[in-house]
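**Q** Dropping a structure here in structure tokens format, bear with me for questions.
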Amino acid sequence: MWPLSTPKRPKQFLSLTTENTMVENTLSRFQSTSVETITFAKASVVGSKQHERLLQNLLPDCRKILEPFGRDSAPAIAAACLAAEPDALLLILPADHDILDIGAFHRAIESAATAAEKGAIVTFGIEPSAPATGYGYIKAKNGDCENALTVEAFVEKPDLKTAESYLAEGSYYWNAGIFLFRVETMLNALTHFAPDVIDGVRASLISDDACGIIHLEPEAFARTPSISIDYAVMEKAKNVKTVPVNMGWSDVGGYRALHELLSDSETQNYTSGPIVLENSQGLYVRSEGPTIAVNGASDLAIVATKDEVMITAIRDDAGVKALASAVQSNARGLGIDPTLKTRAKDWLWSAFRTWSKVGWDHHNGGFVEQLRLNGTPDKNADRRVRVQARQIYSFAKAIEFGWSNIESAKTLVDDGLIYIDKYLRHREGGFVHLTGQDGSVVDSRRDLYDHAFIILAGSAAYRITGSKLGIELANEAIAYIDEHLKDATHGGWFESSRGELPRRANPHMHLLEAMFEHYAATGADKALERAAEIVRLFETKFFDPARNILSEFFDADWSPQNALEHAIWEPGHHYEWATLLHSFDNLTGHDTLSWRRRLIRQADHAKSTSLSKFVSNTLRADLQVVNDNCRLWHQLEMLRAYLFHPEVAPRSKSSALLSDILNCYLSSAPEGCWIDELNVSQEPVSEFIPASMLYHCVTAFELVMPTCRD
């Protein structure tokens, strides 16, 4: 169902066949019944932790069991059983089906209940109306329960000839994936046929939280086999029955099924949104934004969202999946020269290799702050805590990207977290700012910028590797800044435990980024609340709309410092804010498009006069250049912002920038390293290779690599 259905909002949460969402329609079928012998208790929903807010909004009265990630239907059903009373009858059904005849369904449930009370696991077999090849089938024979047939076999999706023979024989039914059983019956079956499933789910069950939600613990759940209930139990058990039913059922498995449900009888067209059709038939056309005009077409599905347009043969459901996979795996990199994407990936792999070998201090522990220009570690440099966290984040992302040496990356993530936990704590809470290479404290301030990166790294480590220490450190850093650095009067957070001035927008920008990662890892609403506060500060304090400038330095009450030495701005921060505001829009629906375009266009004015392809380091509000050197991180953030905003920067512009970065900053450095800064003559002026830059390379290059998340 892409592009309507996405991982963030799958089809269960869409209004496809009625004004209500499919999950709401599913629940509404059990609000009442005309069958006197059955009543329905309060419903439970097994869903994804990622969709907690959607489920809370749409199904506020349902009990919720939330999985940290998918493990197919057997673990989900096991969790539902463990949360129910053993002698209860449990009806299991997907939340994305359409059923027209609710009365027929309820009568079938009544028949199924009789068999389930006698110890059967009952399925519902849909009486086939056509030789469908997209469904599994149930082969049944007469049994000893009224209206419930004994199941002989479950059959995989057949080819057309086989499906036609099933229809002719008359003892085959479509498998709807709907089940009814006594909880104790299914628990016994799981214990006998799939003990790893029931044991893994039982170990992962956590008691209800304050909202009555059961969360499945990620580490234990990860050890639970991913398997369907059909393979785990149904194909092995002997006490399986099916109740045939004709209830106008559809699994709404693609646009063809949706078209058949909704199209008019005259032209066989269905339209939703601003659509114009001429001389066309057999179309499903839906727009959630732009006007769509079609002439002389037939048998197509055409769908437009605010970001994407999909056109496909209406009967080719597999083709839609292929398109979705191609787009979702590399949406931001589409249109970039493939040879450049390969170069970027190869270089990033070499960077992971290099920094995994020389970036960790095996004698003292911890990541080195920088390398010399010959690629050897600078053992005399003091170490910023933010750099320790950035390296942890970078190697966690290496695991997510599928870098070949995952064991090495995992060791560096784990060792880095242990190093922070053991050596970088302040005795009064929080984490120190700067240490010597031997771990001795050089600067004990508790800095907001540093804590933001501990939150980012710890959350990413937890999300990607399941590290408990990672999320514990992240939560501890959050607790510290909220308790000790929060400014209850003027908003935001103070610079550090010393409360020094000027205040800066930059640490808040990185805290915003960290809140996105923390939300992705935990689903905690509080993370989005902090993010929203930071965005409000951007809109009301940080950005100067009269000059289109993101101010850098502020007084205690967030008034911009206008002294000449403080009235400067950095183009890289403009680009970075544009990217992060885009992410905030996607998560919350808050519209920041105008802000983002203004940030990018103003930053583009900072292109160096001598190196017009790169932006200078710092400028004054009147666009006078303060520092005309060009650091790498500004250019990487420019690339990121361009890739997220193709309406501002065509893909040809992004390709050219990526090529220039590879050629000017990366190719001439030691393997897996970079030139940190160029002067106006395009000559290196850096004395060292800072480790902190790996983080910027990771966040930029992930957008052009097909193996990476969008």
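**Q** Find how much the distance from E36 to E156 grows on full extension, using 0.36 nm per residue of separation minus their present alpha carbon separation; answer in nm with one decimal.
**A** 39.6 nm
**Q** Considering the zone a paramagnetic label at K8 would reach in this model (a point 7 Å from Cα along the Cα-to-Cβ line), which residues of region 583-627 have amide N under 18 Å from it?
**A** 583-597
**Q** Please list, or write none, the lysines whose alpha carbon is within less than 21 Å of the alpha carbon of K607, excluding same-chain residues fewer than 8 places away.
**A** K653
**Q** Rounded to the nearest 0.05, what FRET efficiency do D555 and S444 give with R0 = 30 Å and r taken as the Cβ-Cβ distance? Could you check?
**A** 0.75
**Q** For region 407-505, report the accessible area per residue in Å² (1.4 Å probe, heavy atoms, rounded to an integer).
**A** 39 Å²
**Q** At 1.4 Å probe size, what's the solvent-accessible area of D487? Round to the nearest 10 Å².
**A** My reading of the accessible area for D487 is about 10 Å².
**Q** Pull up the cross-link candidates among the lysines for K306, meaning alpha carbon to alpha carbon under 16 Å and not fewer than 8 places away within one chain.
**A** Straight-distance partners of K306: K8.
**Q** For region 530-571, what relative contact order do you get, as a whole percent, if you take Cα pairs closer than 8 Å and at least 6 residues apart?
**A** 29 percent
**Q** Moving on to the next point. For region 48-95 and region 226-254, what is the separation of their Cα centres, given in Å?
**A** So the separation of the two Cα centres works out to 18 Å.
**Q** What nm value, rounded to one decimal, do you get for the distance between S329 and H484 when each label is placed 7 Å out toward the C-beta?
**A** Using points 7 Å along Cα→Cβ, the separation is 4.6 nm.
**Q** Can you give the charge dipole size of the chain about its Cα centre, rounded to the nearest 20 debye, using +1 on the beta carbon of Lys and Arg and -1 on the beta carbon of Asp and Glu?
**A** Charge dipole, the chain, about its Cα centre: 920 debye, nearest 20.
**Q** Let me ask something else. Can you tell me the order of 28-41, 451-464 when each peptide is scored by its average per-residue count of other Cβ atoms within 10 angstrom, highest first?
**A** Sorting 28-41, 451-464 by mean packing, highest first, produces 451-464, 28-41.
**Q** Just the accessible area for D101, please: 1.4 Å probe, Å², rounded to the nearest 10?
**A** Approximately 70 Å² of D101 is accessible to the 1.4 Å probe.
**Q** A further question on this structure: Students often check this: by mean Cβ neighbours within 10 Å, which of 313-323, 350-360 ranks highest, and how do the rest follow?
**A** Highest to lowest by the protection proxy: 350-360, 313-323.
**Q** Right, here's the next one. If you average the alpha carbon positions of region 587-663 and of region 413-490, how far apart do those two centres end up, in angstrom?
**A** 31 Å
**Q** Just how large is the dipole of region 562-656 about the Cα centre, in debye to the nearest 20, putting +1 at every Lys and Arg Cβ and -1 at every Asp and Glu Cβ?
**A** Its charge dipole is roughly 320 debye.
**Q** If you don't mind, there's one more thing I want to ask. Would you mind calculating the relative contact order of the chain from Cα pairs under 8 angstrom and at least 6 residues apart, reporting the percent as a whole number?
**A** 11 percent
**Q** Between A313 and N279, what is the label-point separation in nm under the 7 Å Cα-to-beta-carbon projection?
**A** 2.3 nm
**Q** Please report, in Å, the Rg and the Dmax of the chain, where both are computed over Cα atoms only.
**A** Gyration radius and largest Cα-Cα distance of the chain: 29.0, 91 Å.
**Q** While we're here: As I understand it, the dipole of the chain uses +1 on the Cβ of Lys and Arg and -1 on the Cβ of Asp and Glu, about the Cα centre. Which of W674, F193, I471 lies farthest toward its positive end?
**A** Positive-end residue among those listed: W674.
**Q** Around D316, what is the net charge, scoring Lys/Arg as +1 and Asp/Glu as -1 over all other residues with Cβ under 14 Å from its Cβ?
**A** That works out to +1.
**Q** Report the full-extension gain for the segment R536 to A203: residue separation times 0.36 nm, less the Cα-Cα distance, to one decimal in nm.
**A** 115.7 nm
**Q** Expressed as a whole percentage, what fraction of the accessible surface of region 604-710 belongs to carbon and sulfur atoms when a 1.4 Å probe is rolled over the protein heavy atoms?
**A** 46 percent
**Q** S612 versus D544, label points 7 Å from Cα toward the beta carbon: distance in nm?
**A** Placing both labels 7 Å beyond Cα along the Cβ direction yields 2.8 nm.
**Q** Under 14 Å from the Cβ of S34, count the other residues' Cβ atoms, weight Lys and Arg +1, Asp and Glu -1, and hand me the total.
**A** Here the count lands on -1.
**Q** How about K157: which lysines have a C-alpha closer than 27 Å to its C-alpha, ignoring those fewer than 8 places off in the same chain?
**A** K11, K139, K141, K236, K238, K241, K321
**Q** To the nearest µm²/s, what D does Stokes-Einstein give for region 482-589 at 20 °C and 1.002 mPa s, using the Kirkwood radius over alpha carbon pairs as Rh?
**A** 149 µm²/s
**Q** Another question about this same structure. As a test of the formula, what do you get for the chain when each DSSP H run with n ≥ 4 contributes -39,500 (n - 2.57) and the sum is divided by the residue count, at 222 nm and rounded to the nearest 500 deg cm²/dmol?
**A** About -12500 deg cm²/dmol.
**Q** OK, next. Can you give me the solvent accessible area of I92 with a 1.4 Å probe, rounded to the nearest 10 Å²?
**A** Answer for I92: close to 30 Å² accessible.
The values are calculated or read from the model by the stated rules, or taken from the named source; none is laboratory data. Keep in mind the model is a prediction, meaning the values are calculated, not measured. Because the Cβ atoms are built from the backbone with ideal geometry, glycine has one as well, and the counts that use them run over all protein chains shown. To get the accessible areas, we keep the full protein, side chains included, count just its heavy atoms, and leave off ligands, DNA and RNA. Shrake-Rupley method; radii C 1.70, N 1.55, O 1.52, S 1.80 Å.
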